[in-house]
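Contents: one structure, followed by commentary.
All of the numbers you see were taken from the coordinates with simple rules; none came from a lab. Bear in mind that the values here come from a model prediction, so they are computed numbers and not experimental data. As a convention, Cβ positions derive from the backbone with ideal geometry for all residues, glycine included, and neighbour counts pool all protein chains shown.
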Amino acid sequence: MKVTATALRAHLYRLLDSVLETGEPIEIERHGRILRIVADAPRRRLEDLPRRDSLACSFDELVDTSFPYEAEDRS
């Protein structure tokens, strides 16, 4: 959508809401140049969590294997 700077000033909030709802950018011509208002892709909240590619401990530290285990006889 193309608008003039005057139209942008007159309808700023309505045009910004339109960009957010439709994803269609707005182009504004100012002094012979084009400016664009574009919505960013929404971020997922999980992307902000720190990532770990591996465990910071060994398997033996993660799981207690020190207790004796005997299988039950089910016959």
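Local charge for A7 was computed over the other residues whose Cβ lies under 14 Å away, with Lys and Arg +1 and Asp and Glu -1, and equals +2. Karplus-based coupling profile of segment 30-45, in residue order and whole Hz: 9, 6, x, 10, 9, 10, 10, 10, 10, 7, 5, 5, x, 8, 8, 4, with θ = phi - 60° in 6.51 cos²θ - 1.76 cosθ + 1.60 and x standing for Gly or Pro. Highest GNM mean-square fluctuation among V19, V38, V63, for the chain modelled with Cα contacts below 10 Å: V63. Applied to segment 9-15, the Karplus parametrisation 6.51 cos²θ - 1.76 cosθ + 1.60 on θ = phi - 60° returns per-residue 3J(HN,Hα) values of 4, 6, 10, 3, 5, 5, 5 Hz, with x for Gly and Pro.
Quick one: net charge around L35, please, counting Lys, Arg +1 and Asp, Glu -1 for every other residue with C-beta under 9 Å from its C-beta.
Details: positive: R30, R33, R36; negative: E27, E29.
Charge balance near L35 sits at +1.
Around I26, under 10 Å between beta carbons, what's the net of Lys plus Arg minus Asp minus Glu among the other residues? Mind dumping the intermediate values first?
Numbers: positive: K2, R36; negative: E24, E27.
Net charge around I26: 0.
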